[in-house]
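Enquirer: Have a look at this one before I ask anything.
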Amino acid sequence: MQPEGVTVVLEPQQFGGEQIYRETVLPFAGENPDPVMPKVPERIREMMKLYEHGDGSYLRKCRNFLRQGRFMADYEDDAPWNGEVRKYFPTYHDFDVRQLRGYFTWRTGVRKGAYGPITASLAYLYLYELLGGIGSSSPEESLQKMQDFEKGFLESGIGDPSMRKNLHRWMLEYAVLHELPAETVRTFAEPVMLKKDAALAVLREPDSAEDEAVFSALCVFGGNKLAQSPAAAKEESRGKHLFAEVWRVAMRNGTEKGKDFFEACFGERKTFHWYPLSNAVYAEEGRHPDTDYTLDESRSYHCRGGRWTEERYEELYFDRKRLEALLHEADRAIRSYLKTGRNLQERPAEAWARPYAEAVLEADRKAVLEASRPKITIDFSGLDQIRRAAGITRDSLLTAEELDAERSGEEALRPAVPGMPAVALSGIQGSASGAVLPAEAAETSPAPQKTEKIEAAAFDGLDRVHLAILQELLQGETADGQIRREHLMPALVADTINEAFYEQIGDNILEYDGDGISLIEDYREDITAILGGKVP
């Protein structure tokens, strides 16, 4: 049996028609073969030669950009190009000659203050140059030119507004790398970030902050519900004060488990790796020296061995539910207390926060009650002069027999108080007696004195007459007869005794209502204790 097989015959391909070859112009040496392609300026040609391919790493790409950028730092051109091109992390190497000449022409105008339209990828070249110190003499000048770029290119509506987010980040990180003053660096930071940092600093030390600052800080994390609460709107300063006090009380007392309340809500400052200018074409030459940089009270940066870290509070670790529970319970309690807004429902899960709010409201009740009491202010500056004048008037109205009788009475009263040191009587008539009443109101025969009931020692600033009057009042009796017998004015007697006890009591102990003197009962025990006796 013969093996079967197949034979394939390939026929030669037939080409239809006649092939026509056209003439091609061969350029002379140094002549541009493409009439559309612009001639390459010698400076750009030299720049292109500076590019090193190497390992193709991102670091080499950054170093190539810096090398070429410094070479072209003062180059100017006049060949506009308004096309569109999109590149990520663009460098000079990514563009053709027309695009490069268009960029350098645009940059020439920018340096003269004239911002024209250009594609964002080429505009980024300009920012990368400033980050590398190309076209500026100092970090401060680079930052100023970045600000000018934002105003002239982005805010004017010419450039792509999406560049602003990167620009602000780069300005902040560039300023930290060059350790510019913190107050300058904060102007480049995102306002929301700074607002939160400032709020955290206030809430961490609320006792050193005003009520308005504490309330505003709580609103940063408590949201619009707290800011728009009727409790804060009614009697605005008082409502905000009560909210601020609730936070202060919580800080002083800690959580129900004894943990610091701030840390329970916001955690501790934590350390994170920080990669400045990592999303820009940028490379430092050499290792960055060890650095500690504080941006604000809640955020700082540190470099060790060329590696950067950032120390800050991380929202990922915030216990927002705990903070919201405290603020909701405070809002509920304060609304009920001030009788404003609709009543909020109690939440069983927030019972732990109730004592904080109740403590604040109880303290406010006492403060309101204390403020409602009439305050009596005594001006003691002219009292001595009044006493001296009253003493002279009194002596001039007494007869010689009355003066002798008074002196005899004083001598007789000296030992009348068993165990009580003798009271110095020198100058009594001229120092603490007060003005005399009209003669017809005085009694002709003095009644026996009750000074034998006084169990207290002599009190500095009071003579035996005023001590006897005070004893009458402590025993619940009227001192009107004693005052008339001594020819004294009730108002001056009250002033004299009040002045003597003011330093220790801090308030008036006697009241004069125009008819007579009475003891303020709140101070009975204090006065008796000072005099060394017991309450009658």
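Enquirer: Scaled to the compact-protein estimate 2.2 N^0.38 Å, what is the alpha-carbon radius of gyration of the range 151-203, rounded to two decimal places?
Expert: On the way: Rg = 13.2 Å, N = 53, 2.2 N^0.38 = 9.9 Å.
This ratio for the range 151-203 stands at 1.33.
Enquirer: Here's another thing I want to ask about it. Run the numbers on the range 267-375 and let me know its relative contact order in percent, using alpha-carbon pairs under 8 Å that are six or more apart.
Expert: Details: 102 pairs, mean separation 21.8, N = 109.
Taking the mean separation of contacting Cα pairs over the length of the range 267-375, I get 20 percent.
Enquirer: If I take all pairs of Cα atoms in the range 264-310, what percentage of them are more than 15 Å from each other?
Expert: 53
Enquirer: In the full protein assembly as shown, how much of PHE318 is accessible to a 1.4 Å probe, in Å² to the nearest 10?
Expert: About 30 Å², ignoring ligands and nucleic acids.
Enquirer: Show GLU346, GLU141, GLU210 ordered by accessible area, largest first, where the area counts protein heavy atoms only and the probe is 1.4 Å. Please report the intermediate quantities before stating the final value.
Expert: Numbers: GLU346 95, GLU141 60, GLU210 140 Å².
The most accessible residue leads, giving GLU210, GLU346, GLU141.
Enquirer: Contour minus end-to-end for ILE520 and ARG269, with contour as 0.36 nm per residue of separation and end-to-end as the Cα-Cα distance? Walk me through the intermediate numbers first.
Expert: Values: separation 251, 0.36 × 251 = 90.36 nm, distance 5.52 nm.
My answer for the length gained is 84.8 nm.
Enquirer: Let me ask something else. Over the heavy atoms of ARG347, what accessible area does a 1.4 Å probe trace out, to the nearest 10 Å²?
Expert: Its accessible surface works out to 120 Å², give or take rounding.
Enquirer: Which value, in Å³ per residue, describes the convex hull spanned by the Cα atoms of the range 167-245?
Expert: Details: hull volume 8.0 nm³, N = 79.
Taking the convex hull of the Cα positions in the range 167-245, it is 102 Å³ per residue.
Enquirer: A follow-up question, please. Quick one: give the max-minus-min coordinate of the C-alpha atoms of the range 142-278 along each principal axis, largest first, in Å.
Expert: Projected onto its principal axes, the Cα set of the range 142-278 covers 52, 36, 23 Å.
Enquirer: Using heavy-atom solvent-accessible surface (probe 1.4 Å) with all chains present, what is the largest-first order of GLU311, GLU284, GLU183, GLU503? Please list the in-between numbers first.
Expert: Numbers: GLU311 50, GLU284 70, GLU183 120, GLU503 170 Å².
These residues rank, largest area first, as GLU503, GLU183, GLU284, GLU311.
Enquirer: Give me the percent of accessible area attributable to carbon and sulfur for the range 61-115, probe 1.4 angstrom. Don't skip to the end; give the middle numbers.
Expert: Details: 1280 of 2820 Å².
Accessible surface attributable to carbon and sulfur in the range 61-115 totals 46 percent.
Enquirer: Modelled label-to-label distance, ASP319 and ARG354, 7 Å Cα→beta-carbon offset: nm?
Expert: That separation, rounded to one decimal, is 2.0 nm.
Enquirer: Relative contact order, percent, of the range 496-536 when contacts are C-alpha pairs under 8 Å separated by at least 6 residues? The partial results should precede the final answer.
Expert: Details: 30 pairs, mean separation 9.9, N = 41.
Answer for the range 496-536 is 24 percent.
Enquirer: OK, next. Please enumerate, by chain and number, the lysines with C-alpha under 20 Å from the C-alpha of LYS240, excluding those fewer than 8 residues away in the same chain.
Expert: LYS195, LYS196, LYS225, LYS339, LYS366
Enquirer: Taking 56 Å as R0, compute the FRET efficiency from the Cβ-Cβ separation of ARG484 and GLU155 and round it to 0.05. Let's see the in-between values first.
Expert: On the way: r = 88 Å, r/R0 = 1.57.
Computed FRET efficiency for ARG484 and GLU155 comes out at 0.05.
Enquirer: Compute the convex hull volume of the Cα atoms of the range 199-313, divide it by the residue count, and report the result per residue in Å³ as a whole number.
Expert: Here the figure is 138 Å³ per residue.
Enquirer: Additional query: Within the accessible area of the range 245-335, what % is carbon and sulfur when the probe is 1.4 Å and the other protein chains stay in place? Walk me through the intermediate numbers first.
Expert: Numbers: 1970 of 4630 Å².
Answer for the range 245-335 is 42 percent, counting heavy atoms of protein chains only.
Enquirer: What FRET efficiency comes out for the pair GLU210/HIS178, r = Cβ-Cβ distance, R0 = 35 Å, nearest 0.05?
Expert: Working: r = 35 Å, r/R0 = 1.00.
E(calc), rounded to 0.05, equals 0.50.
Enquirer: What full-extension length gain, to one decimal in nm, is calculated for ASN343 and LYS87 as 0.36 nm per residue of separation minus the Cα-Cα distance?
Expert: Values: separation 256, 0.36 × 256 = 92.16 nm, distance 5.85 nm.
Contour length minus Cα-Cα distance gives 86.3 nm.
Enquirer: Assuming R0 = 35 Å, can you tell me the calculated FRET efficiency for the pair GLU362 and TYR502, based on Cβ-Cβ distance, to the nearest 0.05? It would help to have the intermediate numbers written out before the result.
Expert: Values: r = 29 Å, r/R0 = 0.84.
Plugging the Cβ-Cβ distance into 1/(1 + (r/R0)^6) gives 0.75.
The values are calculated or read from the model by the stated rules, or taken from the named source; none is laboratory data. Please read all numbers here as calculations on a predicted model, not as lab measurements. All Cβ positions, glycine included, derive from the backbone under ideal geometry; neighbour counts span all protein chains shown. Just so you know, the surface numbers come from the protein's heavy atoms only, side chains and all, with ligands and any DNA or RNA stripped out. Shrake-Rupley method; radii C 1.70, N 1.55, O 1.52, S 1.80 Å.
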